[in-house]
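Worksheet: the structure to be examined is printed underneath.
The values are calculated or read from the model by the stated rules, or taken from the named source; none is laboratory data. Keep in mind it's a predicted model, so treat the numbers as computed, not measured. Positions of Cβ are backbone-derived with ideal geometry, glycine not excepted, and every protein chain shown enters the neighbour counts.
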């Protein structure tokens, strides 16, 4: 099975406190730690596990800039066969539909049976997978938390629905699946693994070799644009305890007792 | 202003709470709107759901077809593309069905798409300005959406308060005849209900709930020891389950359990809305987190900025100490 996994590099919120920049038009990016978007990493792991079971190749692709090569190499170190950087100045300012349009053009250059995305990016809208499927007229399933290959033509998949329940469906290939976190346990990638793939060339694609109309992507085509970032005016918010740890513990126990605990 | 529609999720003849929130969102986009509800399904359940919305919507479009008994997003997308006028604004709840339906619907309608909207900031010409959150709720963003050729908007459940205004008397209009062929590349087989698990966190009055801040599986014991001392149960947020540190049955949130404790100790939990959606009944919420900017502090009653791996064991020791003193 030929599998394409669309990935993104994002600020890692488990490593960063996100703050606004002085102008308020962006987050402060100077000291941010970036990593692969977490659900995308699960998607790559899932693709690798499918290929282990039924054979095939895994390609990871990202729409971005030079810095994004770093996550492609990380996923190649995990075992992805190919990395592809889709980059062009004309792509700047693309909205979700713009990114999906770019990915569609790349998908049509190849012959993929299955396309995976992460369910959502930290700064994204859980949208590109669904848009890409619609542009390609492929079936879609979002929030996928298990995949079983039935034959060369269809999969049996599970979607995460309310209350931890699972919705089981059959889906025809080729299709697009957006992968939910927790579907597997992504393998560890060490520095050694990344060094081993450091010199593998990563092909790039842009407007010309994808045959894209530049007016269909990028800022000019975007119907959806972020105007600014802001920190919302809070409700009353928590009463923050500023005492010593010992004082705070006493206060917590007082509150626990008052609420009927510690009987 | 374009006509506003809301696609309504319903089950067993009962409409989802989001139905009334979408009506409120429609009026916030356009106070003069006469929003239309669209429901798909079959039989008495569909009729009951349609009737329930007549007082909240100016019109209720009913699309009945045996092939739509189970809501398959691909089929419903095809139906909506047929029945919706061009340039419509379509609202859908941002939950598992909406995530499946909405992005592709926007492509097929050739309209703008914006997801998980928390608030409407205003309309300027063909620009609709909405509020979203990014980075797990640490920052909010204003997003401008060009609605000149319509829009599909998913709305965060719970973000819009249903309005009490004068009840409408919307007519139910049967659009079933407009349904074309119903074939999809994805076919529903069955629903597997979540396993109960060893501990029923929905039955506990006190929950010690842990998030990513617990850092590793071995540290779950730290929370368990505190829970044992307090006569509480340990619950958790999604990352803890994703990492396989606790069973899915311990997860609080929209994709986990809905709990109604009296006291909720959120330990190392950032406070993503999907987690908060699982906490009902307004428990007293104490949050412990290293990150002073964690969104959990916006909703907690009391917050402590500290390392839970140090704080919790000391708290547990103090509980034991108190019990020993009390026993003497």
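When the stretch A:96-137 is examined, which residues are found to be facing chain B (nearest Cβ under 8 Å), outside any helix (DSSP H, G or I) and surrounded by 23 or more Cβ atoms within 10 Å (Cβ to Cβ)?
Answer for the stretch A:96-137, where residues must be facing chain B (nearest Cβ under 8 Å), outside any helix (DSSP H, G or I) and surrounded by 23 or more Cβ atoms within 10 Å (Cβ to Cβ): A:119, A:125, A:126, A:127.
Any residue that is buried (at least 21 other Cβ atoms within 10 Å of the Cβ), more than 20 Å from residue A:163 (Cβ to Cβ), touching a helix residue (DSSP H, G or I) at 6+ places or on another chain (Cβ under 6 Å) and more than 12 Å from chain A (Cβ to nearest Cβ) - is there at least one of those in the stretch B:219-235?
There is at least one residue in the stretch B:219-235 that is buried (at least 21 other Cβ atoms within 10 Å of the Cβ), more than 20 Å from residue A:163 (Cβ to Cβ), touching a helix residue (DSSP H, G or I) at 6+ places or on another chain (Cβ under 6 Å) and more than 12 Å from chain A (Cβ to nearest Cβ).
Among the candidates A:178, A:146, A:142, which residue alone is buried (at least 24 other Cβ atoms within 10 Å of the Cβ) and without any contact (Cβ under 8 Å) to a residue 60 or more places away in the chain?
None of the other options fit; the residue is A:142.
Only one of B:41, B:13 is within 23 Å of the chain's Cα centre (by Cα), buried (at least 16 other Cβ atoms within 10 Å of the Cβ), without any contact (Cβ under 8 Å) to a residue 40 or more places away in the chain and farther than 22 Å from residue A:159 by Cβ. Can you tell me which?
The conditions single out B:13.
So which of B:173, B:192, B:210 is more than 22 Å from residue A:14 (Cβ to Cβ) and under 24 Å from the mean Cα position of the chain (by Cα)?
B:192
Restricting the stretch B:71-101 to residues that are part of a loop (DSSP other than H, G, I, E, B) and within 25 Å of residue B:158 (Cβ to Cβ), which is farthest from the chain's Cα centre (by Cα)?
B:88
Kindly list the number of the only condition in (1) touching a helix residue (DSSP H, G or I) at 6+ places or on another chain (Cβ under 7 Å); (2) surrounded by 14 or more Cβ atoms within 10 Å (Cβ to Cβ); (3) assigned to a loop (DSSP other than H, G, I, E, B); (4) within 14 Å of chain B (Cβ to nearest Cβ) that fails for residue A:249.
(3)
Return a yes/no flag: does the stretch B:167-179 have any residue that is closer than 27 Å to residue B:252 by Cα and without any contact (Cβ under 8 Å) to a residue 24 or more places away in the chain. Don't jump to the end; show me each part of the working.
Our first condition is that a residue be closer than 27 Å to residue B:252 by Cα; within the stretch B:167-179, this holds for none.
No, there is no match, as no residue in the stretch B:167-179 is closer than 27 Å to residue B:252 by Cα and without any contact (Cβ under 8 Å) to a residue 24 or more places away in the chain.
Of all residues in the stretch B:181-208, count the ones that are in a strand (DSSP E or B) and under 25 Å from residue A:146 (Cα atoms).
7
Of everything in the stretch B:181-198 that's exposed (fewer than 15 other Cβ atoms within 10 Å of the Cβ) and more than 7 Å from every other protein chain (Cβ to nearest Cβ), which residue is modelled with the highest pLDDT?
Ranking the candidates gives B:183 first.
Sort through B:74, B:134 and tell me the only one that's outside the structural domain of residue B:276 (by TED's automatic domain parsing), over 23 Å from residue B:24 (Cβ atoms), modelled with pLDDT of 95 or more and in contact with a strand residue (DSSP E or B) (Cβ under 6 Å, 6 or more places away or on another chain).
B:74 is the lone residue from the list that is outside the structural domain of residue B:276 (by TED's automatic domain parsing), over 23 Å from residue B:24 (Cβ atoms), modelled with pLDDT of 95 or more and in contact with a strand residue (DSSP E or B) (Cβ under 6 Å, 6 or more places away or on another chain).
Scanning the stretch B:255-270 for residues that are under 21 Å from residue A:162 (Cα atoms) and either more than 9 Å from chain A (Cβ to nearest Cβ) or surrounded by fewer than 24 Cβ atoms within 10 Å (Cβ to Cβ) (or both), which turns out farthest from the chain's Cα centre (by Cα)?
Selected residue: B:261.
When you go through (1) in contact (Cβ under 8 Å) with a residue 60 or more places away in the chain; (2) surrounded by fewer than 17 Cβ atoms within 10 Å (Cβ to Cβ); (3) assigned to a loop (DSSP other than H, G, I, E, B); (4) away from every other protein chain (no Cβ under 11 Å) one by one for residue A:194, which number turns out not to apply?
(3)
Within the stretch B:291-311, restricting attention to residues that are in contact with a helix residue (DSSP H, G or I) (Cβ under 7 Å, 6 or more places away or on another chain) and within 10 Å of chain A (Cβ to nearest Cβ), which residue is farthest from residue A:27 (Cα to Cα)?
Restricting attention to the stretch B:291-311, the residues satisfying the condition of being in contact with a helix residue (DSSP H, G or I) (Cβ under 7 Å, 6 or more places away or on another chain) are B:295, B:299, B:302-304, B:306, B:308-309, B:311.
Among the residues that remain, those that are also within 10 Å of chain A (Cβ to nearest Cβ) are: B:295, B:299, B:302-304, B:306, B:311.
Values: B:295: 16, B:299: 23, B:302: 28, B:303: 25, B:304: 25, B:306: 25, B:311: 31 Å.
In this case the residue turns out to be B:311.
For (1) within 27 Å of residue A:144 (Cβ to Cβ); (2) out of contact with any helix residue (DSSP H, G or I) (no Cβ under 7 Å at 6 or more places or on another chain); (3) surrounded by 17 or more Cβ atoms within 10 Å (Cβ to Cβ), each residue gets a yes or a no:
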position: B:84; (1), (2), (3): no, no, yes
position: B:91; (1), (2), (3): yes, no, yes
position: B:94; (1), (2), (3): yes, yes, yes
position: B:151; (1), (2), (3): yes, yes, yes
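Return yes when residue B:99 is more than 30 Å from residue B:296 (Cβ to Cβ), buried (at least 23 other Cβ atoms within 10 Å of the Cβ) and at the interface with chain A (Cβ under 9 Å from one of its Cβ atoms) and no when it is not.
no
Among the residues of the stretch A:197-236, write down those that are in contact with a strand residue (DSSP E or B) (Cβ under 8 Å, 6 or more places away or on another chain), within 14 Å of chain B (Cβ to nearest Cβ) and assigned to a loop (DSSP other than H, G, I, E, B).
Within the stretch A:197-236, A:223, A:231, A:232 qualify.
Just for strands (runs of 3 or more DSSP E) wholly inside the stretch B:106-180: which have at least 2 residues that are more than 8 Å from every other protein chain (Cβ to nearest Cβ)? Full working, then the answer.
On the way: elements: B:112-117, B:119-124, B:127-134, B:139-146, B:151-155, B:171-174.
Output list reads B:119-124, B:127-134, B:151-155, B:171-174.
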